[in-house]
Amino acid sequence: MSRVVLVVDDEPAVLDITASMLEDLGCEVITAADGNDALHRLSTDERIEILITDVNMPGMDGYELTKKAQQIREGLKVIVLSGRDQAASKLPLIRKPFLEQDLKRTMAQHTGLC
C-alpha cells in the first residue's frame, strides 16, 4: 500500500514534475496550487501522511502552511522546496531545481519512502 503525499506549489510545471517523480517512487499523490487548497485537501483526506510544499508562494508561504497543516494533522511529515530560501527552519529542504534521486534521498532520510 503506497503512502499518500500532498504536494503544494504555485508553479504548475514544478507541481506536475514533482507529482510525477513521487508517483515513480510509488507514492499516491494529491496536488494543490496554494496553501488554502492544501489545507482544504488535508482536512478532507485523512490518508495524507506527508506534505511537500514550496516555500515561496503568494498569499500563504510554505512555512505558514506547514504550521497550519501540523495543527490539523498531528504527526504530519513535511519537506519544503525552494529555489531561493536557505534553511530558515529545521524542516528538511530540497533546493530547486532537483532530480528524482534528490527527492528520493530526502524522503528516505526524513519521511520514509512510499
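Could you compute the net charge surrounding Ala13? Neighbours are other residues with a C-beta less than 14 Å from the C-beta of Ala13; K and R count +1, D and E count -1. Numbers along the way, then the final one.
On the way: positive: Lys96; negative: Asp9, Asp10, Glu11, Asp16, Asp54.
Residues near Ala13 contribute -4 overall.
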Under-20-angstrom lysine pairs by C-alpha in segment 4-109, whenever the two are 8 or more apart or on separate chains: 9
CD proxy at 222 nm, helix term only [per DSSP H run n ≥ 4: -39500 (n - 2.57); per residue of the chain; nearest 500]: -12000 deg cm²/dmol
Nonlocal amide H pairs with Leu81, under 5 Å, H built at 1.01 Å: Thr53, Asp54, Val55, Ile94
Gaussian network model of the chain, springs between alpha carbon atoms under 10 Å - residue of Ala13, Ala69, Ala32 with greatest fluctuation: Ala13
Gyration tensor (Cα) of segment 42-114, equivalent ellipsoid semi-axes in angstrom: 19, 17, 10
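Please state the charge dipole magnitude for segment 4-109, taken about the Cα centre, from unit charges on C-beta atoms (+1 on K and R, -1 on D and E), reported in debye and rounded to the nearest 20. If you can, show how the numbers build up before the last one.
On the way: 12 positive and 19 negative charges, 98 e Å.
Charge dipole of segment 4-109: 480 debye, to the nearest 20.
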Dipole of the chain, positive direction: furthest Cα of Thr106, Thr53, Leu22, with charges on the beta-carbon: Thr106
Value of Rg to Rh for segment 6-93 (Rh from inverse mean 1/r over Cα pairs, i.e. Kirkwood): 0.92
HN-Hα J in Hz across segment 66-79 - Karplus 6.51, -1.76, 1.60, θ = phi - 60°, x for Gly and Pro: 4, 4, 5, 5, 6, 6, 6, 10, 5, x, 4, 8, 10, 10
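Using the Cβ atoms and a cut-off under 13 Å, what net charge is assigned to the surroundings of Gly35, where Lys and Arg are +1 and Asp and Glu are -1?
Values: positive: Arg41, Lys67, Lys68; negative: Asp9, Asp10, Asp34, Asp37, Asp54, Asp61, Glu64.
In short, -4.
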Ile17-Gln109 pseudo-label distance in nm [points 7 Å out on the Cα-to-Cβ vector]: 2.1
GNM flexibility winner over the chain from Thr66, Thr53, Thr44 (Cα, springs under 10 Å): Thr44
Rounded to whole Hz, the Karplus (6.51, -1.76, 1.60) HN-Hα couplings of segment 106-112, x for glycine and proline: 5, 5, 4, 6, 10, 10, x
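Every number in this text was worked out from the coordinates using simple rules, so none of it is lab data. Bear in mind the structure is a predicted one, so any value in this text is a computation, not a measurement. As a convention, Cβ positions derive from the backbone with ideal geometry for all residues, glycine included, and neighbour counts pool all protein chains shown.
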